[in-house]
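The structure appears right after this line, and notes come after that.
The values are calculated or read from the model by the stated rules, or taken from the named source; none is laboratory data. Every value quoted in this text rests on a predicted model; they were computed, and no experiment measured them. Note that each Cβ is placed from the backbone with ideal geometry, even for glycine, and that neighbours are counted across all protein chains shown.
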Amino acid sequence: MDLKNIDTEKWMALILDYGLKIIGALAIWIIGSWVIKKLIKGIRKVMLKQNYDESLQKFLLNLVSWILKIVLIIVALGTLGVETTSFAAILAAAGLAIGLALQGSLGNFAGGVLLMIFKPIKVGDLIEAQGELGVVKEIEIFTTKILSPTNKEIIIPNAALSNGNITNYSTEGKLRVDLTIGVSYDADIKQTKEVLMKVLTDNPKVLQDPAPSVNVSELADSSVNFAVRPYATVANYWDVYFGITEQCKLALDAAGIEIPYPHSVEIHKDA
């Protein structure tokens, strides 16, 4: 028996066996990497067409790329004959542990993804959410920053924002300004309406579509209250609110229409 020939045959068999496996694994890795690049490129095009936020694009593309690469590595190792069942179980356990540890952060991340995909709000919108009012300054992966009317930055977790009620004042582009003006019972209702309506129509920042309105809203204890309802753009809301309030007072004074106010009565007792 020629031992040299036997050893040579064994080595050739091993080389042939593992050589084919290595070639197969390399082929899987090369083809798989090419497919992943094409998929990422296609996903990026879809995201660009849908106007996804840039930070969300980068994060999701990196996440998808790493997941696909891990799957590709497992498949390549399986081709080499490596037992991948335990490897996959370890990855799953590690993923579960990380998920539990970052439960709150993952919730905020998911909320950020939802906000960026469905876009109920965008930067520059005036919103009210989680008991806060302000203009959206920045939408990040985990939090959203809004700027309050008093110029304070408010940071809201995206999980709470996406799961709660959001009032978006900017969606329609126009806001109604709700004012209540009270006049004396002695005042002429028709004249008062004309004076107040002229204030609304003369103000250049008051929109005429929808048309402003003035109506009697309440017969109060000491005044007849008028609901004064001008419309304004979001940017001009506060200018109209404060401006119309002042102009109504000046116009009523000029027309001789009294605006009632509480009167104190002093009672003098004889000593």
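The table below lists the values:
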read-out: Condition broken by Ala160, with the remaining ones in (1) of a type in the set (Gly, Ala, Ser); (2) assigned by TED's automatic domain parsing to the domain that holds Pro230; (3) in a helix (DSSP H, G or I) satisfied; value: (2)
read-out: Options Ser170, Ser148: the member that is out of contact with any helix residue (DSSP H, G or I) (no Cβ under 6 Å at 6 or more places or on another chain), within 30 Å of Gly107 (Cα to Cα) and surrounded by 18 or more Cβ atoms within 10 Å (Cβ to Cβ); value: Ser170
read-out: Test result for Asn203, touching a residue at least 24 places away in the same chain (Cβ under 8 Å) and in the same structural domain as Thr143 (by TED's automatic domain parsing); value: no
read-out: Ile154, sole failed condition from (1) within 30 Å of Ile117 (Cβ to Cβ); (2) in contact (Cβ under 8 Å) with a residue 24 or more places away in the chain; value: (2)
read-out: Selected residue (only one of Leu80, Leu68, Leu91 is surrounded by 11 or more Cβ atoms within 10 Å (Cβ to Cβ), among the aliphatic types (A, V, I, L, M), over 24 Å from Leu161 (Cα atoms) and at pLDDT below 65); value: Leu91
read-out: Residues (of a type in the set (A, V, I, L, M, F, W, C) and without any contact (Cβ under 8 Å) to a residue 12 or more places away in the chain) located in region 170-200; value: none
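Condition check ((1) in the same structural domain as Ile244 (by TED's automatic domain parsing); (2) assigned to a loop (DSSP other than H, G, I, E, B)) across all residues:
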{"residue": "Ile141", "(1), (2)": "no, yes"}
{"residue": "Thr144", "(1), (2)": "no, no"}
{"residue": "Ile155", "(1), (2)": "no, no"}
{"residue": "Thr180", "(1), (2)": "yes, no"}
